[in-house]
Amino acid sequence: MCQQKGFTLWFTGLSGAGKSTLSKLVEDELRKRGRNVEVLDGDEVRENLSKGLSFSKEDRDINVKRIGYVAKLLARNGVAVITAAISPYREVRDFIREDNKDFVEVFVNCPVEHCIEKDVKGLYKKAIAGEIKEFTGISDPYEEPLNPEVTVNTHQETPEQSAAKIISKLEELKYL
């Protein structure tokens, strides 16, 4: 049996930008194509691998590095790994890129104003009211990627259009 080439598809963007929605669409397409896929969702990893960490910069960095490490282990064993985590700091994302051989960064671009309008989880409302400290995009910075392989604009594209752009890039890079 031929081993499939693993890779890490790293979704980064503000809370509510559409990372989880897109990761599910891309996961479904990869599975249709016969790929072994694992999704490392930021909320699930925080609950299961990083419980007890705060939202300080240091603890966020630890959480993101843990996601990157698990992604590296899976990818080197032929798994298509999809991560969906805010991962707000460029330096840590660059560290993950260097540590993960086959790394594809997807910037899920959605202006904070649009994320606030959607606010499905009610987190922006709490952050603006001061109930949540160190909230990315409100009281804590989000550093946009400088050279992502893919940028999707979820405030202008349908989820399906954004997913198609990502799949197209994976084909272009010969991961599919």
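The values are calculated or read from the model by the stated rules, or taken from the named source; none is laboratory data. Predicted model, so just to flag it, every value in this text is computed and none were measured. Neighbour counts are summed over all protein chains in view; Cβ atoms, including those assigned to glycine, are modelled from backbone coordinates with ideal geometry.
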Candidates Lys5, Lys19, filtered to the one that is closer than 17 Å to Lys169 by Cα and modelled with pLDDT under 95: Lys5
Meets criteria (assigned to a strand (DSSP E or B), among the aliphatic types (A, V, I, L, M) and closer than 17 Å to Lys19 by Cβ) for Val81: yes
Residues within segment 117-149 that are in contact with a Phe, Trp or Tyr (Cβ under 7 Å, 6 or more places away or on another chain) and at pLDDT 95 or above, tallied: 4
Filter result for the condition that a residue is surrounded by fewer than 13 Cβ atoms within 10 Å (Cβ to Cβ) and either acidic (Asp, Glu) or touching a residue at least 40 places away in the same chain (Cβ under 8 Å) (or both), over Glu134, Glu91: Glu91
Helices (runs of 4 or more DSSP H) wholly inside segment 90-176 containing at least 2 residues that are touching a strand residue (DSSP E or B) at 6+ places or on another chain (Cβ under 9 Å): 90-99, 159-172
Complete set of residues in segment 137-176 that are loosely packed, with under 14 Cβ neighbours inside 10 Å, aliphatic (A, V, I, L, M) and over 21 Å from Glu29 (Cα atoms): Leu146
